[in-house]
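Chemist: I have a structure here, written as structure tokens, and I will follow up with some questions on it.
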Amino acid sequence: MKTRSEELRENLDSIKARINEATKSSGRNSREITLIVVTKTFPASDVKILYDLGVRDFGENRDQEASVKSTELPDDCRWHFQGQIQSNKLKSIANWADVLHSIDNLAHARKLDSLVSSDANKDIFVQVSLDNLPNRGGVVPKLLAEFLDEVSAFPHLNFRGLMAVAPLGEEPVVAFKRLKELSDQVIKVHPEAREISAGMSNDFEAAISQGATHIRIGSQMLGVR
Ligand SMILES: *Cc1c(COP(=O)(O)O)cnc(C)c1O
């Protein structure tokens with residue numbers, strides 16, 4: 001029987017090989033890709049194994065779980081929050097998360113900005129809706145430019161780029177192409193925000209083909225939740 005450590009090493013090797021293939025076939029370099037392993041629901045023991053295998057970027061979506069888990073890992077981990085934000089949890093999230101991928105609400109951005117001290121700016125991605133259904137999260141494209149003008153003005157938030165989840169019932173590559181086009185527009189106004197957080201276990205190759213720089217992989221690495 002395989003140990004958990006062997007299993008995770010094989011999965012990591014396989015994901016890395018697929019990232020290499022996907023970047024090569026779109027004329028990109030795998031060094032452009034930050035692999036975030038989404039460890040939500042999995043124990044700190046798994047995160048430690050991944051850490052020993054060289055992973056430093058971890059994704060979580062529940063404050064209660066991550067605030068505990070993050071204290072059990074060394075300080076050089078980067079913790080990414082990519083879940084739905086509740087305003088009353090922001091203070092706690094700001095304590096452990098280095099990067100927030102799911103900013104889609106101005107009040108949350110304002111509150112986060114006020115919670116952060118000036119020597120510890122937070123990196124943020126602004127989530128956009130690729131299906132125009134705001135209840136699934138994300139700013140609708142029509143309102144994006146105005147939203148970004150306001151968000152990029154907060155002094156303690158570093159706007160890094162756009163984040164999205166592929167809508168159900170559409171070819172991911174088609175949706176991620178729209179995301180890339182939005183990103184190209186955004187970069188003209190916010191040249192510092194060049195990154196794209198897109199792609200999960202089932203669609204990361206499509207996301208890489210459309211310019212993703214941060215991919216968020218859970219189940220392909222750790223198993224079904
Ligand atoms: C859970 C989650 C992921 C990882 O999903 P997998 O399909 O398990 O790879 C990525 N992004 C977001 C926003 C998530 O909630």
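Chemist: Would you confirm, using the coordinates I've provided, whether Val126 is modelled with pLDDT of 95 or more, buried (at least 19 other Cβ atoms within 10 Å of the Cβ) and assigned to a loop (DSSP other than H, G, I, E, B)?
Modeler: no
Chemist: Just need a number here: residues in segment 69-80 that are away from the ligand (no atom under 16 Å from the Cβ) and surrounded by 15 or more Cβ atoms within 10 Å (Cβ to Cβ).
Modeler: So the answer is 3.
Chemist: Under 8 Å between Cβ atoms, at least 6 apart or on separate chains: pull out the pairs that start in segment 200-215 with a residue that is at positive phi and in a loop (DSSP other than H, G, I, E, B) and end on any residue that is open to solvent by 10 Å² or more (accessible area, probe 1.4 Å) and more than 11 Å from the ligand (Cβ to nearest atom).
Modeler: Gly211/Lys180
Chemist: Would you call Gly83 within 15 Å of the ligand (Cβ to nearest atom), closer than 17 Å to Ala198 by Cα and either modelled with pLDDT under 95 or assigned to a loop (DSSP other than H, G, I, E, B) (or both)?
Modeler: Answer is yes for this residue.
Chemist: Just to be sure I understand, how many residues within segment 48-68 are closer than 18 Å to Ser219 by Cβ, within 16 Å of the ligand (Cβ to nearest atom), in a helix (DSSP H, G or I) and open to solvent by less than 40 Å² (accessible area, probe 1.4 Å)?
Modeler: Final tally of qualifying residues: 2.
Chemist: So is Ala107 within 16 Å of the ligand (Cβ to nearest atom) and closer than 30 Å to Pro141 by Cβ or not?
Modeler: Spelling it out, it is not the case that Ala107 is within 16 Å of the ligand (Cβ to nearest atom) and closer than 30 Å to Pro141 by Cβ.
Chemist: Suppose the filter is hydroxyl-bearing (Ser, Thr, Tyr) and either open to solvent by 10 Å² or more (accessible area, probe 1.4 Å) or over 17 Å from the mean Cα position of the chain (by Cα) (or both); does Ser117 pass it?
Modeler: So Ser117 passes the test.
Chemist: Right, next: Of all residues in segment 201-223 being within 8 Å of the ligand (Cβ to nearest atom) and open to solvent by 30 Å² or more (accessible area, probe 1.4 Å), which is nearest to Ser25 (Cα to Cα)?
Modeler: The selected residue is Asn202.
Chemist: Right, next: Quick test for you: out of Ala145, Ala153, Ala175, pick the one residue that is over 19 Å from Glu32 (Cβ atoms), in a loop (DSSP other than H, G, I, E, B), of a type outside the set (Asp, Glu) and at pLDDT 95 or above.
Modeler: One residue alone meets the criteria, Ala153.
Chemist: Another question, if that's okay. Would a scan of segment 137-149 turn up a residue that is within 13 Å of the ligand (Cβ to nearest atom) and under 15 Å from the mean Cα position of the chain (by Cα)?
Modeler: Yes; the residues of segment 137-149 include at least one that is within 13 Å of the ligand (Cβ to nearest atom) and under 15 Å from the mean Cα position of the chain (by Cα).
The values are calculated or read from the model by the stated rules, or taken from the named source; none is laboratory data. All figures in this text were calculated on a predicted structure; none of them were measured in a lab. Neighbour counts run over all protein chains shown; Cβ positions are idealised from the backbone, glycine included. For accessibility, only protein heavy atoms count, side chains too; no ligands or nucleic acids. Shrake-Rupley method; radii C 1.70, N 1.55, O 1.52, S 1.80 Å.
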